[in-house]
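Worksheet: the structure to be examined is printed underneath.
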Amino acid sequence: MRRINHSTLEIKTEGLILKRIKYSDSKIILHIFTPEIGRIAAIITIGKTQKSKYKRNISLPLQFVKMVLYKSEKGTLYKIKEIKHAFIYKNIMQAYRRSAVALYLLEFLDKCLKEDSRQLELYVFFLKAITYLDTAEKIENIHAYTIVNMTKFFGIYPNINKSGGGYFDIQKGSLTHKFSQQTFNETLTNYLKRFLLIEIEESDNIRMSRLQRIGFLEKMEEYWCYHCAHFSKTRSLKVLQEVIP
């Protein structure tokens with residue numbers, strides 16, 4: 001980060017594009033998660049001709065990019081001076097199942113993040129999850145593993161003390177001996193325990209049926225809704241249910 005003049009800063013960073021909003025025929029506002037300055041909104045000029053400096057594909061959600069940004073001390077919107085891909089996917093953009101999982105995780109992250117949420121460790125964790133999703137042989141449990149272990153970055157990491165009981169209580173965030181509507185059932189509780197104790201590369205060792213996986217994701221979203229005030233249930237989960245066996 002360096003100061004261009006008394007009122008303007010230049011910032012070099014990388015980031016993950018969360019979503020884009022059309023501002024005009026040639027300008028787009030991008031919501032970007034960066035490791036150094038957190039979640040930001042930045043405006044970019046996109047051309048439609050072959051001679052244009054930047055094409056629309058550079059601004060697609062899910063892209064990891066490197067940028068040079070300008071920001072006035074009085075303004076809230078960043079301006080993108082330079083942008084290029086930081087990582088090129090091998091499979092996600094062409095394989096519809098991988099793409100569906102990636103877009104689900106992207107929506108999930110978007111709903112978790114507040115403005116200016118500086119979380120370098122979360123950024124590194126999410127980058128690892130998406131890049132692993134791009135090349136992993138089996139992908140059925142990557143999203144479940146990711147949304148479970150993202151809890152550690154938001155202060156809502158589940159307490160799975162062995163002496164607590166056989167059911168995970170959504171509201172208490174810990175185990176209980178009594179089953180109710182606000183708990184995971186015993187099977188889903190065991191899946192939660194396993195996801196918390198493994199690395200992402202081991203997630204394909206967990207065997208779940210399609211209905212169990214759907215039920216687990218739905219319960220995890222309930223957990224996030226209860227403990228993360230600005231989180232709401234995702235729309236893309238319904239799409240995901242149709243494409244992941």
Exercise for review: Determine whether Phe184 is in contact with a Lys or Arg (Cβ under 7 Å, 6 or more places away or on another chain) and not acidic (Asp, Glu).
Suggested key: yes
Check your understanding: Of all residues in the stretch 151-177 being more than 17 Å from the chain's Cα centre (by Cα) and part of a helix (DSSP H, G or I), which is nearest to Tyr89 (Cα to Cα)?
Key -> Lys162
Exercise for review: Please go through the stretch 116-142 and pick out each residue that is of a type outside the set (A, V, I, L, M, F, W, C) and not in a loop (DSSP other than H, G, I, E, B).
Suggested key: Glu121, Tyr123, Lys128, Thr131, Tyr132, Asp134, Thr135
**Study point:** Residue within the stretch 41-57 that is touching a Pro at 6+ places or on another chain (Cβ under 7 Å), in a strand (DSSP E or B) and either surrounded by fewer than 17 Cβ atoms within 10 Å (Cβ to Cβ) or at pLDDT below 90 (or both) present
**Key:** no
Review point. Does any residue in the stretch 18-41 that is within 14 Å of Lys111 (Cα to Cα) come within less than 6 Å, Cβ to Cβ, of a residue that is modelled with pLDDT under 90 and not in a loop (DSSP other than H, G, I, E, B) six or more places away or on a different chain, and which pairs are these?
Key: Arg39/Glu115
Check your understanding: In the stretch 70-101, what residues are assigned to a loop (DSSP other than H, G, I, E, B), free of Cβ contacts under 8 Å to residues at least 40 places away in the same chain and either more than 18 Å from Leu16 (Cβ to Cβ) or in contact with a strand residue (DSSP E or B) (Cβ under 7 Å, 6 or more places away or on another chain) (or both)?
Key -> Gly75, Thr76, Gln94, Ala95
Practice item. Look at Val148 and say whether it is crowded, with 16+ Cβ neighbours inside 10 Å and either part of a helix (DSSP H, G or I) or among the small types (Gly, Ala, Ser) (or both). Key: yes
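The values are calculated or read from the model by the stated rules, or taken from the named source; none is laboratory data. Everything quoted here is computed from the prediction, not taken from an experiment. Positions of Cβ are generated from backbone atoms using ideal geometry, with glycine treated the same way; all protein chains shown enter the neighbour counts.
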